[in-house]
Amino acid sequence: MSRVSLPHDAKAGPTKPEVRAVLASKLALSESDHFVEVGSCTGAVTIEAARRAGRVTALERKAGRLDVTRENLAANDTSAAVELRAAEAPEGLPDDADALFLGGSRNYEAVLDHAVETGVDRIVMNVSRLEVAGAATEAFRERDILDEVVQFQVSHGYELAGATSFDSENPVYMLVGSASADVAADGCGGRIDADGAAGTSGRESADGGER
């Protein structure tokens, strides 16, 4: 699969490629899925999703950033039907999403409420600030939709005095959950799939095992 090209600048950094790779494994999108992104910004995640899902709806409250999403989307090869909406979530959120990604923390509790009401199967939220990560984790737990919290950090090597040193990116906290009616809590902090198997959501993790 070709890399994501982002020739247009949204004056805000895109979700980094390494983070998008982990995100893709958690979302596990297929051609039958309707993927929804809250806060499309540069369009990096929208583009990745439009290469995997059947439908994509991307919301962006800032008109200038939505234009950047549209321009960057046009610069890439994608296969999904993509709808870009100038809206601030939860307004403008569709009711038939299979997977939902929150790239920021604005109005996230209302967005989570909508996800619960509409039974979104896969929900992922990225957070970079520790305090927000803690509050968001509690919000997921209060709604009984939390499967896991992943914290990771990426470092890129560069040459220094004939050797290799590293520049570190800001840590990312990734909250992963599900509001699907097919997944219920087991009463012990885990989750039970509709077929009765204990686990989280039954979706594959990045290492190929069950999460």
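Evaluate segment 12-114: find the radius of gyration of its Cα atoms, find its Kirkwood radius, and give the ratio Rg to Rh.
0.92
When ligands, DNA and RNA are left out and all protein chains stay put, how many square angstrom of accessible area per residue does the chain have with a 1.4 Å probe?
Result: 49 Å² of accessible area for each residue.
At 222 nm, what helix-only mean residue ellipticity would the chain give, in deg cm²/dmol to the nearest 500, using -39500 (n - 2.57) for each DSSP H run of four or more?
Rounded to the nearest 500, the figure is -7500 deg cm²/dmol.
Please report Rg over Rh for segment 76-149, where both radii come from the alpha carbon positions and Rh follows the Kirkwood definition.
So for segment 76-149, dividing Rg by the Kirkwood Rh gives 0.98.
Over all alpha-carbon pairs in segment 32-81, figure out the percentage whose distance exceeds 14 Å.
Everything past 14 Å amounts to 41 percent.
Over the Cα atoms of segment 115-187, how large are the radius of gyration and the largest Cα-Cα distance (Dmax), in Å?
Answer for segment 115-187, Rg first and Dmax second: 17.2, 57 Å.
Please list log₁₀ I(q)/I(0) at q = 0.10, 0.11 Å⁻¹ for the chain, using the Debye equation with identical point scatterers on the alpha-carbon positions.
Taken in order of the listed q values, log10 I(q)/I(0) reads -0.43, -0.52.
Residue by residue through segment 61-73, what is 3J(HN,Hα) from phi via Karplus (6.51 cos²θ - 1.76 cosθ + 1.60, θ = phi - 60°)? Round to whole Hz and write x for glycine and proline.
Calculated HN-Hα couplings, in order: 7, 9, 4, x, 5, 5, 4, 5, 4, 4, 5, 5, 4 Hz.
Report in % the part of the accessible area of the chain that belongs to carbon and sulfur, leaving out ligands and nucleic acids; probe 1.4 Å.
47 percent
Once amide H atoms are built 1.01 Å from N in the peptide plane, which residues 5 or more positions from LEU100, or in another chain, come under 5 Å H to H?
Residues meeting the amide H criterion: VAL36, ARG122, ILE123, VAL124.
Quick one: which of 163-173, 35-45, 88-98, 122-132 comes out on top by average Cβ neighbours within 10 Å, and what's the full order, highest first?
35-45, 122-132, 88-98, 163-173
For the chain, calculate the relative contact order in percent as a whole number, restricting contacts to Cα pairs under 8 Å that are 6 or more residues apart.
17 percent
Compute the orientation-averaged projected area for segment 1-62 from the convex hull of its Cα atoms and round it to one decimal in nm².
Average of the hull's projected areas for segment 1-62 equals 4.2 nm².
The values are calculated or read from the model by the stated rules, or taken from the named source; none is laboratory data. Please read all numbers here as calculations on a predicted model, not as lab measurements. Glycine gets a Cβ as well: all are built from the backbone with ideal geometry, and neighbour counts include every protein chain shown. Just so you know, the surface numbers come from the protein's heavy atoms only, side chains and all, with ligands and any DNA or RNA stripped out. Shrake-Rupley method; radii C 1.70, N 1.55, O 1.52, S 1.80 Å.
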